[in-house]
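The values are calculated or read from the model by the stated rules, or taken from the named source; none is laboratory data. Quick caveat, the model's predicted, so the values are computed rather than measured. Here the Cβ positions follow ideal geometry from the backbone for every residue, glycine too, while neighbour counts run over all protein chains shown.
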Amino acid sequence: MVGGLPLKKLLGWFKKLFGGKKNIRLGFYGPPNAGKTTLANKISMDWTGEPVGSVSEIPHETRAVQKKEKVVVRTQGKQIEMNLLDMPGIATKIDYNEFLEFGLESEDAQSRAKDATKGVIEAIKWLEHVDTALVVLDSTKDPYTQVNITIIGNLEAREIPVLIVANKVDLEGSDPQRIREAFPQHPVVEVSGLRGDHIERLYEEIANHSR
């Protein structure tokens, strides 16, 4: 007995009160140009009719955390309310010269590199505010990189549930199996954020793996 209540009944009451989180803070993590914002836009457009942010072929288009709150997803008879947190791309090194290759002027390239560096720091700080993480990887590229290992390692250290998204399966050269082999400890969902291929499967996995 605790406070006049049977222990079993008390534990059941606490579980009912705190056991299910109604609003999930879903963080989109990954390297630059993996398609994080494209995927976040797809999810947001499906359920709110509004995008989260702009996309570009130039790396580090997202240089600050972009948010879309109260996105209600319905799947498998469940209803999940999510705050989408689209993070800047994580990189170990940001060189302004890479932006010059896309036609940016030197001053603009340096400014973009500076903002992108701040964005990486901000994305790492936001780990404290994420309930579940989608690690979005380009399935046409080698997944076993220092950046990807660092991202997933940081999430694991904080015991944040990780769902890996093998994105861009619509492109030639896509090989999601390489991602599964690189990170066998986490579930992998194959999608095309651009076309929406297998997006319903992603919603189901989010519902299953969110804490």
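For the reader, a short list of remarks on this structure follows.
- Odd one out for Ile124, checked against (1) crowded, with 17+ Cβ neighbours inside 10 Å; (2) in contact (Cβ under 8 Å) with a residue 24 or more places away in the chain; (3) β-branched (Val, Ile, Thr): (1)
- Checked against the criteria, Ser54 does not count as modelled with pLDDT of 95 or more, in contact with an Asp or Glu (Cβ under 7 Å, 6 or more places away or on another chain) and of a type outside the set (Asp, Glu).
- From the list Ile94, Ile149, the one residue that fits, being assigned to a loop (DSSP other than H, G, I, E, B), surrounded by 13 or more Cβ atoms within 10 Å (Cβ to Cβ) and more than 14 Å from the chain's Cα centre (by Cα), is Ile94.
- Meets criteria (part of a helix (DSSP H, G or I) and buried (at least 20 other Cβ atoms within 10 Å of the Cβ)) for Ile164: no
- Failed criterion for Met87 (all others in (1) surrounded by fewer than 20 Cβ atoms within 10 Å (Cβ to Cβ); (2) closer than 19 Å to Ser54 by Cα; (3) among the aliphatic types (A, V, I, L, M) hold): (1)
- Annotation for the range 168-180: at least one member residue is part of a helix (DSSP H, G or I), exposed (fewer than 15 other Cβ atoms within 10 Å of the Cβ) and modelled with pLDDT of 95 or more.
- Within the range 101-121, no residue that is under 12 Å from Ala64 (Cα atoms) sits with its Cβ atom under 8 Å from a residue that is at pLDDT 85 or above and in a helix (DSSP H, G or I) at 6+ positions apart or across chains.
- Breaking point among (1) in a helix (DSSP H, G or I); (2) out of contact with any strand residue (DSSP E or B) (no Cβ under 9 Å at 6 or more places or on another chain), for Glu61: (1)
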